[in-house]
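To keep things clear, I will list the structure first and then write my remarks on it.
The values are calculated or read from the model by the stated rules, or taken from the named source; none is laboratory data. The shown structure was predicted, so the numbers you read here are calculated from the model rather than taken from an experiment. Don't worry about glycine lacking a Cβ; one is built from the backbone with ideal geometry, like all the others, and counts go over all protein chains shown. The accessibility values were calculated without ligands, DNA or RNA, using every heavy atom of the protein model including side chains. Shrake-Rupley method; radii C 1.70, N 1.55, O 1.52, S 1.80 Å.
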Amino acid sequence: MGWLASLLQRGKVASAGAIPAARIEADAPPVDQGPPPDHPMPAAPPSAAVETGPIWSPLFDGKAEHPTDGAGLDRLFRDRDLLVITGWVSGDASLRVESDAGVIEPKLRVQVARPDVSAAYGFPARVDGLLLAYRLPAGHSARVVASAGKHNRCGEITAFPADGCERDLGRIVAEYAVARAPLVDVVYDLPQHLAAVVRSAIPSTEPGAPQGHMEILKSVPGAGGLCVGWTLGEGPFFLIDENGLCQPLEAPERWNRPDIFSAFAADYGAACADAGFLQALPAGFGRHARLIARHGDTLVLAHERDVEPAPRDAVGYARWAFSFPVPPERMAARFSRHDGAVLKTLINRIEHPKNTWVERAGIVPAQPEVSIVVPLYGRYDFVDHQLLEFAEDPFIRKRCEVIYVVDDPTIRAPVFANLDTWWQLYGVPLTLVWGGRNRGFSGASNLGLSQAKGRQVLFLNSDVIPTRSGWLEDLSRRLDDHSDYGLLGTRLLFPSGGVQHDGMVFEYNGKYGVWLNQHPGKGLPPLSATAGQIVPWPAATGACLLGDRAEVAALGGFSEDYLIGDFEDSDLCLKMQAAGRSVGVCPDIALTHLERQSFGLQGSGDFRMRVMLFNAWLHQERWRPAIERHSVTDAGAAA
């Protein structure tokens, strides 16, 4: 203890007879009492710390030359509601904190032998060093009290002068090494002081001690990130940045690491199983991280490294993050516990260009009955097939507007170059819209919605081809005649004639732990349909979906919170139902759908599977109660 010399110089100032038995002495502080307890005192770094003596001179019972008991207050640290004191007691003496209601129990009490004090004063009994840590209720007065025999000394917490108090909690931790790990629990929600405690952690060479390594540590400022690595031995483990922001490894995603098992099985045995981990980093995590393990009363520094930048684009982040070996059946749990929030933040950060390019060919009706909005991505050869059918339909050609939204920068030039050719070939007035970047199905459809002038809006995939004239007029009239419906879809058939869509239901998939959109009867021959029929369904596909333009716009159109695609159509349907309107499908109106050929899918295989699982997770996070009310047995397929 570096303050012992000072203590020895001052130690004989107080004697047993100095304080009458019935008297409580309060050390009078100087006029400057330091900052109030509800304002933090900045902790000085260890290099700037100034060695100080004990807060109080020792309190003795018995003769000064041969005291029988004694107590001393060495250091006092306070910040907001945190109070940490250290000192010592001998025999029946005590050191404590009291309020008007009585003795306050500390959150942490650490006791160590102090043979140095025993030798200095010749106490006959053992001398115990004490570290007492408290979280004091705001606004409550409290005082430190030392007692030795009939003698007492006390001091109000707020009255201790700032220049006499300890300014660096790390110095206290250095003196009481056994308090390092348990003190983490006391200061866990105080990052500045947690960082001071964790600074004391050092690597361990003890056989079987916790080990770990952070192989990948990347983050997006303000959004969060991921740490991927391995750990061995009992913890618990936690990550902490330079500012004291702490992230426990309470439920990381785990997997087997054969390389770790091979290297460490001799020391750790079966504990090497599932050594690999993936752990999310919180949004405010700093630039440097330490991987710490609690090992008994000690803190073990397993590894430390700088944080690297993660991809800032949502799709780029997903491609990177989904590459780690978490199996698909655990992805929903991973999104809930780890990087689902990161992806949501990155998706919400997407900013679309303010400029929109619009070109028209032909005379568009001043007040169209229906605005047909068709996003184009990847392939645009389907435009000819659609326009060929539109040209044969007087309702579309004369009373509707057709809006193609270019959503792929690689096809922008050829599509706009074909505008006049399409108009001359098919005689259908056309509007082309380009929003400056790829926005996905939702964003492109919403951009088209913002340009639409029709009383109603039809969202249509570019690979959906009409099979007869008059279908849209029938669908439009049916929506007008059934005011309880807010959205109407149609039957969609594969080119082979089998059903692709006759309505959607929600079905829970136990393997993946998410509700998925399902198309009952998909691939089967279509059932007979009654003319003019509307079948109610929980949802209908956005590949061909009609609604009142103003009403759909008021609902915000399609949600742009989903990654790349999937579930935005059922999301819109659930929004419509939440607004009190129904969703239905008209099975007697059938179109051909070349499913999934219009967008080319940004990715395939395993990545596409994980994107779908993310969107399913997000969908159920938002709509779980409504989805569960729409059990699969409630679907219109039973009608």
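Can you give the helix-only mean residue ellipticity at 222 nm for the chain, where every DSSP H stretch with n ≥ 4 adds -39500 (n - 2.57) and the sum goes over all residues, rounded to the nearest 500 deg cm²/dmol?
Result for the chain: -7500 deg cm²/dmol, rounded to the nearest 500.
Determine the gain in length on full extension of the stretch ASP313-GLU507; use 0.36 nm per residue of separation and subtract their C-alpha separation, reporting nm with one decimal.
On the way: separation 194, 0.36 × 194 = 69.84 nm, distance 3.12 nm.
Gain on stretching ASP313 to GLU507: 66.7 nm.
Tell me, what HN-Hα J-couplings in whole Hz come from the Karplus equation 6.51 cos²θ - 1.76 cosθ + 1.60 at θ = phi - 60° for each residue of region 359-368, using x for Gly and Pro?
Running phi through 6.51 cos²θ - 1.76 cosθ + 1.60 with θ = phi - 60° gives 10, 10, 9, x, 9, 7, x, 5, 10, x Hz.
For the chain, build the charge dipole from Cβ charges (+1 Lys, Arg; -1 Asp, Glu) around the Cα centre, then report which of GLY212, ALA539, ALA444 sits farthest towards its positive end.
It is GLY212.
Name the long-range amide H neighbours of ASN152: under 5 Å, sequence gap of 5 or more, or other chain; modelled H, no Pro or chain starts.
Residues meeting the criterion, in which the H sits 1.01 Å from N, are GLU25.
Assuming R0 = 60 Å, what is the FRET efficiency of ALA579 and HIS213, from their Cβ-Cβ distance, to the nearest 0.05?
Working: r = 52 Å, r/R0 = 0.87.
Efficiency computed from Cβ-Cβ geometry: 0.70.
Hey, quick one: spin label on GLU250, modelled 7 Å out along Cα-Cβ, who in region 173-195 has an amide N within reach, i.e. under 15 Å?
185-186, 188-190
So if we plug the beta-carbon distance of THR205 and GLU329 into 1/(1 + (r/R0)^6) with R0 = 45 Å, what FRET efficiency do we get, rounded to 0.05?
After rounding to 0.05, the efficiency reads 0.70.
Using amide H atoms built 1.01 Å from N in the peptide plane, name the residues 5+ places from ASN509, or on other chains, whose amide H lies under 5 Å from its own.
When sequence neighbours closer than 5 places are left aside, the close amide H contacts are VAL514, TRP515, LEU516.
Using a Förster radius of 41 Å, what is the FRET efficiency between SER631 and GLU234 based on their Cβ-Cβ separation? Nearest 0.05, please.
0.40
Considering the dipole of the chain built from charges on the beta carbon (Lys and Arg +1, Asp and Glu -1) around the Cα centre, which of THR298, VAL433, PRO258 is farthest to its positive end?
THR298
Once fully extended, how much extra length lies between ARG624 and TRP320, figured as 0.36 nm per residue of separation less the alpha-carbon to alpha-carbon distance?
Details: separation 304, 0.36 × 304 = 109.44 nm, distance 2.83 nm.
Gain on stretching ARG624 to TRP320: 106.6 nm.
Let me know the shape class of the chain, please: from the alpha-carbon gyration tensor, a ≥ b ≥ c as square roots of the eigenvalues, rounded when a/c is under 1.5, otherwise prolate if a/b is greater than b/c, or oblate. Mind showing how you got there, number by number?
Details: a/c = 3.39, a/b = 2.95, b/c = 1.15.
Here the chain falls in the prolate category.
Using 0.36 nm per residue of separation minus the Cα-Cα distance, give me the extension gain between LYS522 and ARG126 in nm, one decimal. Before the final figure, lay out each step's value.
Details: separation 396, 0.36 × 396 = 142.56 nm, distance 8.29 nm.
Net length gain for the segment: 134.3 nm.
How many angstrom separate the Cα center of region 311-356 from the Cα center of region 145-203?
Each part's Cα centre sits 42 Å from the other's.
Taking the Cα centre of the chain as the origin, how large is its charge dipole in debye, to the nearest 20, when only Lys and Arg (+1) and Asp and Glu (-1) carry charge on their Cβ atoms? Before the final figure, lay out each step's value.
Details: 60 positive and 75 negative charges, 57 e Å.
Dipole magnitude for the chain comes out near 280 debye.
Could you provide, to the nearest whole Å², the per residue accessible area of the chain with probe 1.4 Å?
Numbers: 26780 Å² over 639 residues.
Ligands and nucleic acids excluded, the figure is 42 Å² per residue.
Summarise the accessible area of the chain (1.4 Å probe, protein heavy atoms) by the percent that is carbon and sulfur.
Values: 13990 of 26780 Å².
Carbon and sulfur: 52 percent of the exposed surface of the chain.
Any idea how far apart ASP480 and LYS398 come out in nm if each label point goes 7 Å out from Cα toward Cβ?
Output for this residue pair reads 1.5 nm.
Rounded to the nearest 5, what % of DSSP beta bridges with both residues in the chain are antiparallel? It would help to have the intermediate numbers written out before the result.
On the way: 102 of 132 bridges.
Antiparallel bridges: around 75 percent, rounded to the nearest 5.
DSSP H helices in the chain with Cα extent of 18 Å or more along the helix axis and mean Kyte-Doolittle hydropathy at least -1.0? Show your work: numbers first, answer last.
On the way: long enough: 605-629 (32 Å, -0.71).
Membrane-span-like by this rule: 605-629.
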